[in-house]
Amino acid sequence: MSIHVLPESVVAKIAAGEVIERPASVVKELVENAIDAGATSVAIDAEGGGRRLIRVADDGCGIPAAEAELAFTRHATSKLQTADDLDAIGTLGFRGEALASIAAVSQVALTTRARDEAAGVTVRVHGGRVVGRNAVGAPAGTLITVENLFYNVPARLKFLKKDSTERRHIDTMVTRYAMAYPATRFVLTQDGREVFRANGGGKLDDVLVAAYGVDDFRQMLPVDAPPRTDRPDLPPVRVAGFTAAPSLNRANRAHITLFVNGRPIQDASLTYAVVQAYHTLLPSGRYPVAVLMIEMPRTRSM
Ligand code: ADP
Ligand code: MG
């Protein structure tokens, strides 16, 4: 076969695969956009493990009607201007890839109204193609509905796990963002049933009670380690959150939840450090429950 440049539609599907692995990835991207938009309330609905439908509604700043289609263009973002801005990113998103990726592999309807505009707009995008646009009355904020995820990528569809597994991934994702943003209200509904609610009161404690139940939360201890003062050569790092008394333990590391500057992360060495901190307090093969927020300078050059 001769070398040829791939058509844009194929490029878009390949690129989408890097961002959107499963329904929970869609939830992650849409929730991050809602947070970046300054939402105080985010409602997430999922059906069929998110494969049939994911809907995220927020009361954030909304998108100006004139930019609604542009939001679905790859590398289109309102969060970054120049390469220098990369050194001090204050938002969760900045690549301008999520909406384009999601829309390339599903059927999306976006209804949005910017706070300072009188009317809202609905834009429909199917498999990356804009198929409809009309002016609508809508509350300020954004409502995105993603249906039939991977309908045009059968290979991806085959790799999805059963609904209950995908539901669990969505649950974990929403719970994590609720922990990182306790001042934001989150309500998660799956197949018509409310499965998680954080009231946005601003306290991590309340989110943990919602996530783990009051009995488990009672066995958790607050952590608040300010930056070290004895090592001015190291960047100032603060670690805060909660970690379990040894009585509260699990059979795997999945309940060690870590964040860096408000972003959920997975990191084997940090997870190892948390487990090691218990030394011999935990029986072998048992792992703590922990929710730790690591805050460090956002800039590269210090
Ligand atoms: P990124 O978040 O990296 O900028 P996205 O593809 O996720 O890229 O979104 C593209 C743009 O669409 C954002 O930069 C933002 O301007 C706008 N946008 C997306 N979702 C929302 C939302 N929920 N509220 C307001 N604006 C949004
Ligand atoms: Mg985004």
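What follows draws every value from the coordinates through simple rules; no lab data is involved. No experiment lies behind these values; they were computed from the predicted model shown. In this analysis, Cβ positions are derived from the backbone assuming ideal geometry, glycine residues included, and neighbour counts consider all displayed protein chains.
Normalised by residue count, the chain yields a Cα convex hull volume of 181 Å³ per residue. Working note: Karplus 6.51/-1.76/1.60 with θ = phi - 60° gives the range 237-247 the couplings 10, 10, 10, 9, x, 9, 9, 7, 5, x, 5 Hz, where Gly and Pro are set to x.
Modelled spin labels at Phe159 and Val131, positioned 7 Å past Cα toward Cβ, are 2.5 nm from each other. Excluding same-chain neighbours fewer than eight residues apart, the lysines reachable from Lys13 by a Cα-Cα span under 18 Å are Lys158. Shown in residue order for the range 73-90 are the 3J(HN,Hα) couplings computed by the Karplus curve 6.51 cos²θ - 1.76 cosθ + 1.60 at θ = phi - 60°: 7, 4, 6, 9, 8, 9, 9, 8, 10, 10, 4, 4, 4, 4, 6, 9, 6, x Hz (x for Gly and Pro).
What's the FRET efficiency of Leu70 with Tyr151 using the Cβ-Cβ distance as r and R₀ = 30 Å, to the nearest 0.05?
Once rounded, the FRET efficiency stands at 0.80.
Helices meeting the span-like rule in the chain (full DSSP H runs, Cα extent of at least 15 Å along the helix axis, mean Kyte-Doolittle score of 0.0 or higher): 8-19, 23-36. Proximity of backbone amide H atoms, modeled 1.01 Å from N, is registered between Val223 and Gly241, Phe242, Thr243 at under 5 Å, excluding neighbours fewer than 5 places apart on the same chain.
For the range 280-297, 3J(HN,Hα) computed residue by residue from phi via the Karplus equation (6.51, -1.76, 1.60; θ = phi - 60°) reads 9, 5, 9, x, 5, x, 10, 10, x, 9, 8, 10, 10, 9, 9, 10, 9, x Hz, glycine and proline entered as x.
Each Cα pair under 8 Å and six or more residues apart adds its sequence gap; the mean of these over the residue count of the range 215-295 is a relative contact order of 39 percent.
Ignoring lysines fewer than eight residues from Lys203 along the same chain, the ones with Cα atoms less than 26 angstrom from its Cα are Lys28. Charge tally for Arg156 (other residues, Cβ to Cβ under 13 Å; Lys, Arg +1; Asp, Glu -1): +2. Taking 12 Å as the straight-line reach from the Cα of Lys161, the aspartates and glutamates in range (excluding those fewer than 8 positions away in the same chain) are Glu21. Computed from label points 7 Å out along Cα-Cβ, the spacing between Thr229 and Ser247 is 3.5 nm.
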